[in-house]
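Bear in mind these aren't lab numbers, they're just calculated from the coordinates by the rules spelled out. Just so we're clear, the structure is a prediction, and the values are computed from it rather than from any experiment. Methodologically, a virtual Cβ is constructed for each residue, glycine included, from the backbone with ideal geometry; neighbour enumeration extends over all protein chains shown.
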Ligand SMILES: [Zn+2]
Ligand SMILES: [Zn+2]
């Protein structure tokens, strides 16, 4: 079966070109340019593509385009999970809680965002400033606990 040469219009530059392919979107020049652009952008991975695991060097088929490591064992371990961090922090701290009118958190959060503080930081700072002013001995005692 002889291959027919068909003519196409390049979607990129609009030039007419001929090709034996059934579908061709770009002329030869534009195809090269587009390929170079793809290389520059980095290879787009698709599920099932092979990658090399940077930890064990094994080739594996990815199950998601962003997968980097072959398995969870090869993923660099974070020092500890956030749950562990919270648990160990609880051991070393007292948690103070108190009630504020409903909606206070959102209002506080808004001003915290402006100040670049967390709500805890803001409350701690406010409390310490108050104690320093009103009862310096209390803040001194607290400071020796740290
Ligand atoms: Zn073209
Ligand atoms: Zn691996």
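General observations
- Whole-Å semi-axes of segment 1-102's equivalent ellipsoid (Cα gyration tensor): 55, 21, 12
- Residue separation of residue 86 and residue 73 scaled by 0.36 nm, minus their Cα-Cα distance, works out to 2.3 nm of gained length.
- Over the chain, relative contact order from alpha-carbon pairs under 8 Å, at least 6 apart, %: 9
- The helix-based estimate of mean residue ellipticity at 222 nm for the chain, built from -39,500 (n - 2.57) per DSSP H run of four or more residues and divided by its residue count, is -13500 deg cm²/dmol to the nearest 500.
- Distance between segment 20-34 and segment 103-146 - C-alpha centres, whole angstrom: 64
- The slack between residue 38 and residue 55, meaning 0.36 nm per residue of separation minus the straight C-alpha distance, is 3.5 nm.
- Listing 49, 4 from fewest to most neighbouring C-beta atoms within 10 Å gives 4, 49.
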